[in-house]
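Written below as structure tokens is the structure these notes are about.
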Amino acid sequence: MGMNINDFNENQLYAVKESHNLAMVNSGSSVASLLNASVWITDPEVKMYRIMDFIYAELAPTVFVKISYTGEKEGTAVLIFRQEDAQLMLCQLMGMPLVATPDFAFDEINTSAFSEVINQMMNTYFTEISGLIGSAVMISAAEVLPNSSSQNIFQLMGLNPDDTICTVSSSLRVDNTINSKFITVFSTELANEIAEKTESRFPVPETPAEPPAEEPVTNMPDFSTSPEENNPFDTTGADDSQSIFGLSPEEDAFSAALNQPSAFTALSEQGPFSSFQGTLTAEQLNNLQLLMNVPLELAIEIGSTQKKVDDILSFSHGTIIELDSPADAPVSVIVNGHLIARGDVVVVDDYFAVRITEIIKSNLIDTLRNRN
């Protein structure tokens, strides 16, 4: 259509990626309630392709799902799933054994059910996108197209084979049933609108500059003979009230205090603030240390569920509440309402604890780092 691959720079691609990531996190939550399972949609990878160069053989045999959208931009989005993953999602939805079988077919019931799953997912997705770009994007009902090997994406999207498309490949995990991926394809016009409206909100993280190479030290004093003759720092007989560098006692004491090791120094040497060493003033370091002491609420979530008001009012001593997470699923580490990590529950000195097994891309962590 009007744009090509080279029209998108790194900042725009990053903005599309972060917008998609945020929208899909909430989409995963909505699908989780429908499937009664934990759903994670993560690790988006954004690429631009000329349609005829786009290859998705890794998802074969595939199922296409077509979604038409209207708003400031009109067009069609196509989702590409493995047929096996679609079958397993339907098994989860219908309470059937979680096994992919070779005789599976998208009959009327299966097609209708999978359409409902994707409708739930994409309604949430485009609601989030609408909020990010500040204008409403409405979508049509999902149209499931099985046996997609005979389908041409450019025909489904109303494009020409030479037109450029935006593709976002995302990891898809459903409990311990699915550990796979799927691809979302939409027009470059919609991608450009998302980038324009969110580029300032999702700037590309700056890559820390490499420290300059240390210059070789020359003219080192020779201590092989008499320390008294060769040690330039020898203060024997010097006035105790004077610093060897000509500083006042107060200045010398302040310098010594700054050089004392502290918990913050140890943290900065191994944490994300190592780039501040040698670049901040003492006042800035103190301010940063104060910021590091601001408490944040951290919670561990082992699962969740939905109950009717009537069910909750009937709770009594001994009531068992079943959660949506299996016993061996990782728990969620949540800071101020933001999911930042997952881990396994362990016991340390008779106390429950969590061993981190996965760090989650989080806007909260990025914001804290950028502000610091």
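The values are calculated or read from the model by the stated rules, or taken from the named source; none is laboratory data. Treat the numbers as computed from the prediction; the structure is a model and nothing was measured. Using ideal geometry, Cβ is built from the backbone for each residue, glycine included, and neighbour counts are taken over all protein chains shown. The area values use the complete protein model at the heavy-atom level, side chains included, leaving out ligands, DNA and RNA. Shrake-Rupley method; radii C 1.70, N 1.55, O 1.52, S 1.80 Å.
Listed values, structure above:
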read-out: Per-region count, region 37-64, residues in a strand (DSSP E or B), under 25 Å from the mean Cα position of the chain (by Cα) and surrounded by 19 or more Cβ atoms within 10 Å (Cβ to Cβ); value: 6
read-out: Per-region count, region 172-181, residues in a strand (DSSP E or B) and open to solvent by less than 40 Å² (accessible area, probe 1.4 Å); value: 4
read-out: Some residue of region 153-160 being out of contact with any His (no Cβ under 8 Å at 6 or more places or on another chain), open to solvent by less than 20 Å² (accessible area, probe 1.4 Å), outside any loop (DSSP other than H, G, I, E, B) and modelled with pLDDT of 90 or more; value: no
read-out: Condition broken by S112, with the remaining ones in (1) open to solvent by 10 Å² or more (accessible area, probe 1.4 Å); (2) assigned to a helix (DSSP H, G or I); (3) in contact (Cβ under 8 Å) with a residue 12 or more places away in the chain; (4) not aliphatic (A, V, I, L, M) satisfied; value: (3)
read-out: Enumeration of residues in region 163-180 that are modelled with pLDDT of 90 or more and farther than 25 Å from N11 by Cβ; value: L172, R173, V174, I178, N179, S180
read-out: Within region 306-350, considering residues that are over 22 Å from V31 (Cα atoms), open to solvent by 80 Å² or more (accessible area, probe 1.4 Å) and among the acidic types (D, E), the one farthest from the chain's Cα centre (by Cα); value: D310
read-out: Test for E18: is it part of a helix (DSSP H, G or I), modelled with pLDDT of 90 or more and either open to solvent by 70 Å² or more (accessible area, probe 1.4 Å) or of a type in the set (D, E, K, R) (or both); value: yes
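Let's see how each residue does on (1) over 22 Å from G28 (Cα atoms); (2) open to solvent by 20 Å² or more (accessible area, probe 1.4 Å); (3) in a strand (DSSP E or B); (4) in contact with a Leu (Cβ under 8 Å, 6 or more places away or on another chain):
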| position | (1), (2), (3), (4) |
| --- | --- |
| A100 | no, yes, no, yes |
| I118 | no, no, no, yes |
| M122 | no, no, no, yes |
| L132 | no, yes, no, yes |
| I183 | no, no, yes, yes |
| L190 | no, no, no, no |
